[in-house]
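Notes follow the structure.
Just so you know, all these numbers are worked out from the coordinates, no wet-lab data involved. Since we're looking at a predicted model, the values are computed, not measured. Glycine gets a Cβ as well: all are built from the backbone with ideal geometry, and neighbour counts include every protein chain shown.
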Amino acid sequence: MSIHPPKFGFTMLGSGSSGNASVIHGPEGSLLLDAGFSAAEMRRRMDRVHVDSASIRAILITHAHNDHVNKCGCARFANDLGIPVYLVPETIRDLREKNISIPEKTILFEPGSVFDLCGIHIEPFNVSHDVAAVGFTFSTHGRKIGYATDLGFVSSLAKARLRGCDLLVLESNYDPKTLRTSNRPLYVKRRIASNIGHLSNDDAMKALEELLAPNTKHLILAHISRQCNDRSLVAELAEARLAELNRQDVMFCAASRDTPLDTICLED
Ligand SMILES: [Zn+2]
Ligand SMILES: [Zn+2]
């Protein structure tokens, strides 16, 4: 089945502590954002939602954790297509330290820089995590996508960058009570809940008030923990929060680690 790729759009292939990958569709090709599954699994997921893997022109990496850079999958996917992988200097260093395969073509960027790929304007910005990590905004023809997972808190920088998005992808990682009562080691619980860990459901819901703009049409809450959270709980909280903010016009989705979401088109 051949489906015309959107001029600007977003496909979440999967998101959670076991793997993250999404596709940003632009006027001149597509970008893979994080490569946290095996190359075969990323292709399988693309097939499932009718994304042509040959349309991918580059991979952008948020940070070096395994659920964002699969041990072999990222390099294999990039090398098979002969495409470059964009990452910050600290990430390539972290990957080398962890003996993760380095792709043949890498291009370094700095958070705070801006660059264009596939007709998409890209702005990476620092987020607070326990390794060097970035969020991104992608824009073209006056439409904007914001993407931030793996952040201990929503800093004023992240708020400034993520404001005014037509589509916002934000982490809603854990339910604080479930995390507290889980059988995870104390140091892991502390790391997750710290300001260099992950965003709780409460933090994400709170941030929505400032992040949702009149033009925001789509919200995806992502990186939902398998052990310390639940998609239906996130959906319930988001629906209540959107009602409270009088924003029932925003289309909401809770990302799944297992199943890709249908492509969201942002063109007119
Ligand atoms: Zn992660
Ligand atoms: Zn991480």
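Points worth noting:
- Within the same chain, aspartates and glutamates fewer than 8 places from LYS217 are excluded, and of the rest, those with a Cα less than 16 Å from its Cα are ASP166, GLU209, GLU239, ASP249, ASP262, GLU267, ASP268.
- Whole-Hz Karplus values for segment 242-256 come out as 5, 5, 4, 8, 6, 10, 5, 6, 7, 7, 10, 9, 9, 5, 10 Hz, taken residue by residue from phi with 6.51 cos²θ - 1.76 cosθ + 1.60 and θ = phi - 60°; glycine and proline positions read x.
- Directionally averaged shadow of the chain, computed from the convex hull of its alpha-carbon atoms, nm²: 13.1
- Charge tally in the Cβ shell below 14 Å around ALA160, where Lys, Arg are +1 and Asp, Glu are -1, ALA160 excluded: +2
- Contact order for segment 1-114, expressed relative to its length and based on alpha carbon pairs under 8 Å spaced 6+ residues apart, stands at 21 percent.
- Residue of GLY112, GLY16, GLY142 that the Gaussian network model of the chain assigns the largest fluctuation, springs spanning Cα pairs under 10 Å: GLY142
- In the chain, taking the dipole from charged Cβ atoms about the Cα centre, the farthest positive-side position among ILE192, VAL88, ALA222 is held by ILE192.
- Fully extended contour minus Cα-Cα distance, from SER194 to SER101, at 0.36 nm per residue: 30.5 nm
- Sorting PHE138, PHE125, PHE10, PHE109 from the fewest to the most surrounding beta carbons within 10 angstrom yields PHE109, PHE125, PHE10, PHE138.
- Both radii come from the Cα set of segment 188-251: Rg as radius of gyration, Rh as Kirkwood radius; their ratio Rg/Rh reads 0.99.
- Where labels lie 7 Å past Cα in the beta-carbon direction, separation of GLU209 and SER182 in nm: 2.7
- Sequentially through segment 109-119, phi angles give Karplus couplings (6.51, -1.76, 1.60; θ = phi - 60°) of 9, 9, x, x, 7, 9, 8, 10, 9, 6, x Hz, Gly and Pro residues having no value and appearing as x.
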